[in-house]
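Right, one structure below, let's go through it.
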Amino acid sequence: MAEKSDDRRPATDAEAKALASAVRLRILRLCLDEPLTNKEIAERLGANPATVLHHVRKLVATGFLEAQEERLGARGSREIPYLATRKSWKLRMGDEHRSGVASAKLEVLLDEVGQVRDPGAVVSARLGLRLNDEQLRELDRRFKEFLNDLERQEPGPGAKPYSLFLAIHPDS
């Protein structure tokens with residue numbers, strides 16, 4: 001499905017490449033609501049801190065993560081927490097990058113859903129459709145309108161983090 005929206009600017013090559021990594025997409029999700037240090041991100045991902053630092057630096061360099069005020073860590077060490085800027089939501093992938101970013105998104109979905117302790121907690125639906133080009137464009141527009149409405153929504157009292165994944169794909 002084409003990702004086109006008048007209010008989103010085309011991603012640069014560097015931005016698109018930064019988002020074409022499942023690890024970096026997971027880092028952005030972890031840092032969406034609270035600033036986390038490289039060490040905290042590595043712990044939550046179960047990954048090597050040096051590897052995570054490489055990804056964090058790429059996200060900072062492309063404006064997807066922003067360093068927050070330095071804080072003192074264990075034994076007086078200085079730590080820098082990072083917070084997602086939500087910039088990715090304001091970008092449109094060009095045809096040359098759409099496949100790489102889509103693959104990373106699918107990898108993240110499979111990884112994150114696979115970590116849900118109770119599979120019954122995953123709300124899902126599947127529907128087979130027959131659409132012409134005009135109907136597909138209308139569905140795409142409605143998806144984007146729905147997602148934009150959700151993105152603008154302020155969290156209510158006691159809000160908990162959830163991830164939403166919508167996809168439409170051609171059947172073989």
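Listed here are the residues, each with its yes/no results for (1) of a type in the set (S, T, N, Q); (2) farther than 25 Å from ILE27 by Cβ.
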{"position": "VAL113", "(1), (2)": "no, no"}
{"position": "VAL122", "(1), (2)": "no, no"}
{"position": "ASN132", "(1), (2)": "yes, yes"}
{"position": "ASP149", "(1), (2)": "no, yes"}
{"position": "GLN153", "(1), (2)": "yes, no"}
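Could you tell me whether the range 106-115 includes any residue that is more than 21 Å from LYS144 (Cα to Cα), modelled with pLDDT of 95 or more and surrounded by 15 or more Cβ atoms within 10 Å (Cβ to Cβ)?
Yes, the range 106-115 has at least one match.
Which residues, taken from the range 17-36, are crowded, with 21+ Cβ neighbours inside 10 Å and over 12 Å from the mean Cα position of the chain (by Cα)?
Residue satisfying the conditions is LEU36 alone.
Answer yes or no: is there a residue in the range 75-94 that is hydroxyl-bearing (Ser, Thr, Tyr) and without any contact (Cβ under 8 Å) to a residue 24 or more places away in the chain. Write out each step before concluding.
Of the range 75-94, the ones hydroxyl-bearing (Ser, Thr, Tyr) are 77, 82, 85, 88.
This time we only want the ones that are without any contact (Cβ under 8 Å) to a residue 24 or more places away in the chain, so: 77, 85.
Looking through the range 75-94, at least one residue is hydroxyl-bearing (Ser, Thr, Tyr) and without any contact (Cβ under 8 Å) to a residue 24 or more places away in the chain.
Please name all residue pairs, on different chains or six or more residues apart, with Cβ atoms under 7 Å, provided the first residue is in the range 119-140 and is farther than 14 Å from PRO170 by Cβ and the second residue is surrounded by 10 or more Cβ atoms within 10 Å (Cβ to Cβ).
Note: pairs meeting the criteria are VAL122/VAL113; VAL122/VAL116.
Go through the range 84-103 and give me each residue that's under 17 Å from ILE168 (Cα atoms), surrounded by fewer than 18 Cβ atoms within 10 Å (Cβ to Cβ) and among the hydrophobic types (A, V, I, L, M, F, W, C).
The answer is ALA102, and nothing else.
In the range 90-102, what residues are of a type outside the set (D, E, K, R) and either within 11 Å of LEU19 (Cβ to Cβ) or in a loop (DSSP other than H, G, I, E, B) (or both)? Before you say what the answer is, go through the steps one by one.
Restricting attention to the range 90-102, the residues satisfying the condition of being of a type outside the set (D, E, K, R) are 91, 93-94, 97, 99-102.
Hits for the range 90-102 are LEU91, MET93, GLY94, HIS97, GLY100, VAL101, ALA102.
Give, as residue ranges, the helices (runs of 4 or more DSSP H) completely inside the range 22-82 that count at least 3 residues that are at pLDDT 95 or above and more than 19 Å from GLN115 (Cβ to Cβ).
Filter on the range 22-82 gives 49-61.
The values are calculated or read from the model by the stated rules, or taken from the named source; none is laboratory data. Note that this is a predicted model, so its numbers are computed, not measured. Note that we place each Cβ from the backbone using ideal geometry, even for glycine, and neighbour counts take in every protein chain shown.
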